[in-house]
1. How do the peptides 215-223, 304-312 rank, highest first, by the average count of neighbouring beta carbon atoms within 10 Å per residue?
2. Any lysines with Cα under 20 Å of the Lys53 Cα? List them, leaving off those in the same chain fewer than 8 positions away.
3. Just to be sure I understand the model, the point goes 7 Å from the Cα along the line to the Cβ. What's the resulting Glu272 to Leu140 distance in nm?
4. At a threshold of 8 angstrom on Cα-Cα distance, excluding pairs fewer than six apart, so keeping six or more, what relative contact order does the chain reach in percent?
5. Taking Lys172 as the anchor, which lysines have their alpha carbon closer than 26 Å to its alpha carbon, excluding any fewer than eight residues away along the same chain?
6. Which order do the peptides 79-87, 105-113, 291-299 come out in when sorted by mean C-beta neighbours inside 10 angstrom, highest first?
7. Under a Cβ-Cβ cut-off of 11 Å, what is the net charge of the residues other than Ile145 that fall near it, where Lys and Arg count +1 and Asp and Glu count -1?
8. How far is helix 257-291 tilted, in degrees, relative to the longest principal axis of the Cα atoms in the chain, given as a value from 0 to 90 rounded to the nearest 10?
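Nothing in this text is a laboratory measurement; each read-out follows from the coordinates by a stated rule. These numbers come from a predicted model, not from an experiment. Glycine gets a Cβ as well: all are built from the backbone with ideal geometry, and neighbour counts include every protein chain shown.
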Amino acid sequence: MRMLRQIALVGAGVLLLSGLTACKNVEASDNVKTLKMALEIAPNALTTQMAQKAADQIYEETNGSVVVEVYPSGQLGSQRDFIESMMLGTIEIGYVSASSAENFEPEFVLYDIPFTVFGPEHAMALWESDLSQEVQQRFLDEQGIRTLGMIDAGPRNIYTTEEVRTADDFSKLTMRVADVAGLINLFDALNANPTVTAFNEIYTAMQTGVVNGFEIGLESVLSNNLQEVVNYCIETCHTYTIDCILMSERAYQRLTPEEQEIVTCAFEEACEEQRNTFNGNLAGYKEELADAGVETISFSDEEMEQLIEQAHPAILKSIEGLFDESVVEEIRAMDPNT
């Protein structure tokens, strides 16, 4: 009996201690700033992993005063939803393609003009250029969204169930595209049939034959198992994927200056690690694609020249009213490898 009373007293003490700890945690959480980060891509994608790493770093370096909650797989909507929600301040951070940002800041087409960026060093040179910084500042001033870093998702190629070996073969394709005018214009110019479909619907759309092709970066293909629904990778490299980590300025200004610096630095470091890791993994990604039975088709120089010539009207249309035609050559000249 005495033993039972001792156990009961110890148990009561533990419960009391737990209650005090819980109260302390509640009081401490009054000052915690929670930042929701939205991504459309899968939890196992490299960028999602880097985002979680940044979240952990921010939590540690702010002693828990800033908590970044990572929501992958489109749990919080589409990329358009992310941007609209960041403008309203209901989502604090989002991972979006530069092309998706064009719907809100048209000059983001700068990062998405077909056949102008040709590799990772070239992409970084563009991102850090004065021209680019002006566009990012305008996005902040006019839409209240700041850029935290650049994600490198590599060249965008076409993945299809149809064999495409010439520029003329594009007429066989019903292409899934994002809701981006530049992509729609491009595949119109190439005589394909562009069809707007949500990213998380690509797999089903390919399975059911609603579309027979799509265009994204290779890592996104593999992390979403899209190699399972295609037979061919057509190496067009029609654009180089420059994606962004964006943040609501409302949310940013709720942070203390010290917290702002921690958040900014954590995402800058995460983006740099993503770029280095991605480019180090690219050869392995290509092997994985081949192992899945997907044939990669490369165009001859002559066919590529024809493709670029056909794309020229789309290039001009994408920058119409925004940039002078000379910007295309200005960006091409930024390539440090030429």
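1. Ranking, from highest mean packing down: 215-223, 304-312.
2. Here the lysines satisfying the reach criterion relative to Lys53 are Lys33, Lys36.
3. Here the answer is 1.9 nm between the modelled labels.
4. After rounding, I find 24 percent.
5. Counting by Cα, and skipping residues close in sequence, Lys172 has these lysines nearby: Lys286, Lys317.
6. 105-113, 79-87, 291-299
7. Within the 11 Å Cβ shell, the charges total -3.
8. It works out to around 50 degrees.
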